[in-house]
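Asks: The structure that follows is given in the form of structure tokens.
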Amino acid sequence: MTETRRKVPGRRPAHLEMSGGKPKRQRVWEAIRKLQEFNLIDCAHKADVDMDTTKTYLQTLERAGFIEDVSGKRGGHDEKRWQLARDIGMEAPRLTKEGKPVTQGMGTTNMWRVMRLAKGDFDYLEIARSASTPEHQVKPETARSYLKALHAAGYLDMVVPPQPKPAMKGGKSPARWRLLPYNRINSKKPGPRAPMIQRLKRVFDPNWAEVVFQEEADDE
């Protein structure tokens with residue numbers, strides 16, 4: 001039976017937005033890093049992204065100071081030349097149209113970064129603490145749910161199960177986890193971009209542009 005969903009305006013789900021590989025903004029950013037100096041047509045062709053999308057993202061990057069106009073032209077964007085002014089690495093800057101950082105999903109991004117940098121095992125309390133910033137606090141329950149989802153999706157191994165604490169009646173120390181070098185479901189190496197927890201308890205990996213895990217619906 002085909003599921004019918006009401007069309008909601010706004011951004012498409014990540015696994016649809018990224019069909020074919022990488023999202024458009026990521027391809028534009030990678031083109032900029034390769035070209036270093038470019039105009040609109042250069043960048044759009046290199047990224048294989050339509051002109052309107054490329055122009056919009058270039059405007060955003062310019063407002064945020066990631067690229068700068070080196071042409072001195074006062075005409076339209078078709079006549080401008082930019083150069084890369086601030087390179088933050090392979091991940092495309094996540095920005096609003098005004099050039100402000102997008103904070104949605106920052107907690108997930110920070111948790112994944114902490115896990116990838118961890119030298120050994122960790123628990124959800126440590127991840128929440130290390131991933132929190134003054135601007136964005138990660139709640140322990142959020143970290144615990146994320147770790148459980150990553151374990152189900154094949155990214156984590158439980159190295160120590162929850163242990164009873166004698167001093168706490170009914171209390172337990174949290175499980176300890178380790179990030180696996182290869183996902184046990186698809187044998188792929190985890191990438192730098194954080195796996196995303198979507199609706200219906202689905203785990204989508206933007207590094208591979210694929211849904212890695214989806215919890216089966218309970219039969220009624």
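Asks: Would you please give the residues with an amide H less than 5 Å from that of ALA85, counting only those at least 5 places away or on a separate chain, with H modeled from the backbone geometry?
Replies: Excluding prolines and chain starts, which carry no amide H, the hits are ILE67, GLU68.
Asks: How long is the stretch 60-207 along each principal axis, judged by its Cα atoms, biggest number first, in Å?
Replies: Over the stretch 60-207, Cα extents along the principal axes are 72, 35, 32 Å.
Asks: For the charge dipole of the stretch 106-214, defined by +1 on Lys and Arg C-beta atoms and -1 on Asp and Glu C-beta atoms about the Cα centroid, which residue among LEU180, GLY107, GLN137 has the Cα displaced farthest towards the positive pole?
Replies: After comparing all options, I get LEU180.
Asks: Taking amide H positions as placed in the peptide plane 1.01 Å from N, state which residues far from VAL138 in sequence (5 or more) or on other chains have amide H under 5 Å from it.
Replies: Hits under the 5 Å cutoff: SER132, THR133.
Asks: Modelling each spin label as a point 7 Å along the Cα-to-Cβ direction, I'd like the HIS136/ASP157 distance in nm, to one decimal.
Replies: Calculated label separation equals 3.0 nm.
Asks: Hey, what did the stretch 106-214 get for relative contact order, percent, Cα under 8 Å, at least 6 apart?
Replies: The value is 23 percent.
Asks: Please report the net charge: other residues with Cβ closer than 12 Å to the Cβ of THR109, K and R +1, D and E -1.
Replies: Here the charged neighbours net out to +3.
Asks: Evaluate the distance, in nm, between pseudo-label points positioned 7 Å from the Cα of MET51 and of ILE88 along their respective Cα→Cβ axes.
Replies: Roughly 2.9 nm, to one decimal.
Asks: If you don't mind, there's one more thing I want to ask. Any of LYS100/LYS188; LYS119/LYS148; LYS34/LYS80 with alpha carbons more than 26 Å apart? Name them for me.
Replies: Beyond 26 Å: LYS100/LYS188.
Asks: Would you mind ranking HIS45, HIS151 so that the residue whose beta carbon has the fewest other beta carbons within 10 Å leads the list?
Replies: HIS45, HIS151
Asks: If Lys and Arg each add +1 and Asp and Glu each add -1, what is the summed charge of the other residues whose beta carbon sits under 12 Å from the beta carbon of GLN83?
Replies: Summing Lys/Arg as +1 and Asp/Glu as -1 gives -2.
Asks: Also, I was wondering about something else. Distance from the Cα centre of the stretch 78-151 to that of the stretch 28-56, in angstrom?
Replies: 25 Å
Every number here is computed from the coordinates shown, using simple stated rules; none is lab data. As the structure is a prediction and not an experimental result, all values here were calculated from the model. Neighbour counts run over all protein chains shown; Cβ positions are idealised from the backbone, glycine included.
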